[in-house]
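Participant: This is the structure I have questions about; it appears just below.
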Amino acid sequence: MPGVIIAVILSALILAAHFFRSGPGLLVLASLGLIVLLVVKRPWVSRVLQVGLWIGAAVMFWTGIGIARERIAAQNPRVVPPLLIMSGVGIFMIVTGLSARGPAARRWFRVPPATRPPESPPPLP
């Protein structure tokens, strides 16, 4: 679980830094709130972390495309590096979001195991 916690903290800090540079302060606080949620040991927290990180990944992909468009419009030949960097960060956030619902995170956030309903007996002839 320490690896998941470190990955969530790193992803949230990257997202907060991104919004600090170019977005409203409320999004910075929301990003840092993901770190605070690690302390709350409730089943819904793992889903909130996952959704928050996946939204952050979408923001990173969108930002990379936006930077590439600006550079193409300015006829700057360096289009690929921002796409690779932002895509790498986005992929890291997707993987972190997946691990926020993994077995270690399920134990940490006390998510009950999925139970199957009892099977009905076969019909009588």
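The values are calculated or read from the model by the stated rules, or taken from the named source; none is laboratory data. For clarity, every value in this text was computed on a predicted model and none was experimentally measured. Backbone-built Cβ (ideal geometry, glycine too); neighbour counts: all protein chains shown. Heads up: the accessible areas ignore ligands, DNA and RNA and are worked out on the full protein's heavy atoms, side chains in. Shrake-Rupley method; radii C 1.70, N 1.55, O 1.52, S 1.80 Å.
Participant: Looking at (1) open to solvent by less than 60 Å² (accessible area, probe 1.4 Å); (2) modelled with pLDDT of 95 or more, which is the only condition Val40 fails?
Facilitator: Of (1) open to solvent by less than 60 Å² (accessible area, probe 1.4 Å); (2) modelled with pLDDT of 95 or more, only one is false for Val40: (2).
Participant: Does the stretch 1-19 hold any residues that are surrounded by 15 or more Cβ atoms within 10 Å (Cβ to Cβ) and over 26 Å from Ala104 (Cα atoms), and which are they?
Facilitator: His18, Phe19
Participant: Kindly evaluate Ile72 against the criterion of being surrounded by fewer than 18 Cβ atoms within 10 Å (Cβ to Cβ), among the aliphatic types (A, V, I, L, M) and farther than 16 Å from His18 by Cα. Break it down stepwise before answering.
Facilitator: Details: surrounded by fewer than 18 Cβ atoms within 10 Å (Cβ to Cβ): yes; among the aliphatic types (A, V, I, L, M): yes; farther than 16 Å from His18 by Cα: yes.
Answer is yes for this residue.
Participant: Test of understanding: among Ile67, Ile85, Ile55, Ile91, which residue is free of Cβ contacts under 8 Å to residues at least 12 places away in the same chain and aliphatic (A, V, I, L, M)?
Facilitator: Working: Ile67 fails: free of Cβ contacts under 8 Å to residues at least 12 places away in the same chain; Ile85 fails: free of Cβ contacts under 8 Å to residues at least 12 places away in the same chain; Ile91 fails: free of Cβ contacts under 8 Å to residues at least 12 places away in the same chain.
After ruling out the rest, the residue left standing is Ile55.
Participant: Return yes when Val89 is under 17 Å from Val8 (Cβ atoms) and surrounded by 16 or more Cβ atoms within 10 Å (Cβ to Cβ) and no when it is not. Outline the logic, then answer.
Facilitator: Values: under 17 Å from Val8 (Cβ atoms): yes; surrounded by 16 or more Cβ atoms within 10 Å (Cβ to Cβ): yes.
Taking the combined requirement at face value, the residue satisfies it.
Participant: Being at pLDDT below 90 and outside any loop (DSSP other than H, G, I, E, B) is the requirement here; does Ala12 meet it? Outline the logic, then answer.
Facilitator: Details: at pLDDT below 90: no; outside any loop (DSSP other than H, G, I, E, B): yes.
No.
Participant: If you go through the stretch 59-77 one residue at a time, how many are polar (S, T, N, Q) and more than 17 Å from the chain's Cα centre (by Cα)?
Facilitator: Just the residues of the stretch 59-77 that are polar (S, T, N, Q), to begin with: 63, 75-76.
Add one more test, that the residue is more than 17 Å from the chain's Cα centre (by Cα), and what stays is 75-76.
Residues that pass the stated criteria total 2.
Participant: Only one residue in Ser99, Ser31, Ser46 is without any contact (Cβ under 8 Å) to a residue 60 or more places away in the chain, of a type in the set (S, T, N, Q), on the phi < 0 side of the Ramachandran plot and out of contact with any Cys (no Cβ under 7 Å at 6 or more places or on another chain). Which one? Explain how you work it out, then say what you get.
Facilitator: On the way: Ser99 fails: without any contact (Cβ under 8 Å) to a residue 60 or more places away in the chain; Ser46 fails: without any contact (Cβ under 8 Å) to a residue 60 or more places away in the chain.
None of the other options fit; the residue is Ser31.
Conditions (1) of a type in the set (D, E, K, R); (2) in a helix (DSSP H, G or I); (3) touching a Leu at 6+ places or on another chain (Cβ under 9 Å); (4) closer than 15 Å to Leu49 by Cβ, marked per residue:
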site: Leu83; (1), (2), (3), (4): no, yes, no, no
site: Ser87; (1), (2), (3), (4): no, yes, no, no
site: Thr96; (1), (2), (3), (4): no, yes, yes, yes
site: Arg106; (1), (2), (3), (4): yes, yes, no, yes
site: Val111; (1), (2), (3), (4): no, no, no, yes
site: Pro117; (1), (2), (3), (4): no, no, no, no
site: Ser120; (1), (2), (3), (4): no, no, no, no
